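Below: the structure, in structure tokens.
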Amino acid sequence: WRAEGRQCLTSDVLAVCEAAIECGVDEILLYDGHFAGEAEFNVILEQLPGNVRTFDTPSREFDWRRIRGQADSNPFGVITIGQHARYGEPWAYFPHTIQSPPINAVYVNGMHIAEIGQMALSFRGSKYIANIGCHASHKEAREISPNVTCITVKNKKEGWEPSPSETYPIIKREVAEAIRAIDQKDVITISEPCYFSMELMEGYHFASPE
């Protein structure tokens, strides 16, 4: 994580930031998830441009109402980077749905969501510009927004695992193209009221709290 992972993610985020700035975006809000008990950010903030600010949540918790509330009331768009594919997706890197096990699947209004859906639906009303990640993660992104730009940085099925220096120009170019095509991007929508359901993996069960 410290020797390699942080630099990989930082390179991907920096490529997005540089593309956004070149396209005239004046402020970038970054939510760095995956706290996992480590207070240090996954992204090396010192390497990012000065117009990037982070969302302020206690211990970087997934408090999406608070995260969404800190964004502009009508943000230009949303980009996801490095989100894992849902549990059960073939050829995915560390696929899981919120926490698998014990959770097999989470649904909202019949839509199977995991990391990407949890974030995107919290930003309903905004345009979903791009998803950057492993090839398997794109399936969920496209189900939420068919016209989202999907940028692959690794493909387990094909054994393609390039270095950050290789993916940086790909990300920067394709994000810039996606931003310039903002008029063709879909607004994230969901009908209300929202009905949630959850499935557990085999061998797990719900137990009423004492």
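The values are calculated or read from the model by the stated rules, or taken from the named source; none is laboratory data. Please read these numbers as outputs of a predicted model, since none were measured by experiment. All Cβ positions, glycine included, derive from the backbone under ideal geometry; neighbour counts span all protein chains shown. Side chains included, ligands, DNA and RNA excluded: accessible areas come from the protein's heavy atoms. Shrake-Rupley method; radii C 1.70, N 1.55, O 1.52, S 1.80 Å.
Compute the accessible area per residue over the stretch 1-83, keeping the other protein chains in place, probe 1.4 Å, unit Å². Please report the intermediate quantities before stating the final value.
Details: 4590 Å² over 83 residues.
Dividing the accessible area of the stretch 1-83 by its residue count gives 55 Å².
What's the carbon and sulfur percent of the stretch 1-119's accessible surface, probe 1.4 angstrom, rounded to a whole number?
Working: 3240 of 6140 Å².
The nonpolar share, carbon plus sulfur, comes to 53 percent.
So what's the gap between the Cα centers of the stretch 7-62 and the stretch 147-210, to the nearest angstrom?
First find each Cα centre; the distance between them is then 17 Å.
Could you give the angle, 0 to 90 degrees to the nearest 10, between helix 5-22's Cα long axis and the longest principal axis of the Cα atoms of the chain?
Taking Cα atoms only, the helix is inclined about 60 degrees.
Going highest first, how would you order 61-68, 78-85, 190-197, 140-147 by mean Cβ packing within 10 Å? Write out the running numbers ahead of the final one.
Working: 61-68: 14.2, 78-85: 22.4, 190-197: 9.4, 140-147: 17.9.
Peptide ranking by packing, descending: 78-85, 140-147, 61-68, 190-197.
Using alpha carbons only, how many angstrom separate the centre of the stretch 111-146 from the centre of the stretch 66-81?
14 Å
Under unit Cβ charges (Lys, Arg +1; Asp, Glu -1), what dipole magnitude, rounded to 20 debye, does the stretch 52-152 have relative to its Cα centre? List each step's numbers first, then the result.
Details: 10 positive and 8 negative charges, 37 e Å.
Roughly 180 debye, rounded to the nearest 20.
Can you return the lysines within cross-link range of Lys185? Criterion is Cα-Cα under 23 Å, with same-chain partners fewer than 8 residues away left out.
Correct list for Lys185: Lys127, Lys139, Lys172.
Which whole-number percent gives the relative contact order of the chain, counting Cα pairs below 8 Å spaced six or more residues apart? Mind dumping the intermediate values first?
On the way: 342 pairs, mean separation 48.3, N = 210.
For the chain, the relative contact order is 23 percent.
For the stretch 74-184, what Kirkwood radius comes out of the mean inverse Cα-Cα distance, in Å?
Numbers: mean 1/r = 0.0692 Å⁻¹.
After inverting the pairwise mean of 1/r, the radius is 14.5 Å.
Considering the values [x] 53; [y] 56; [z] 60, which represents percent of Cα pairs over 20 Å apart as calculated for the structure under consideration?
[z]
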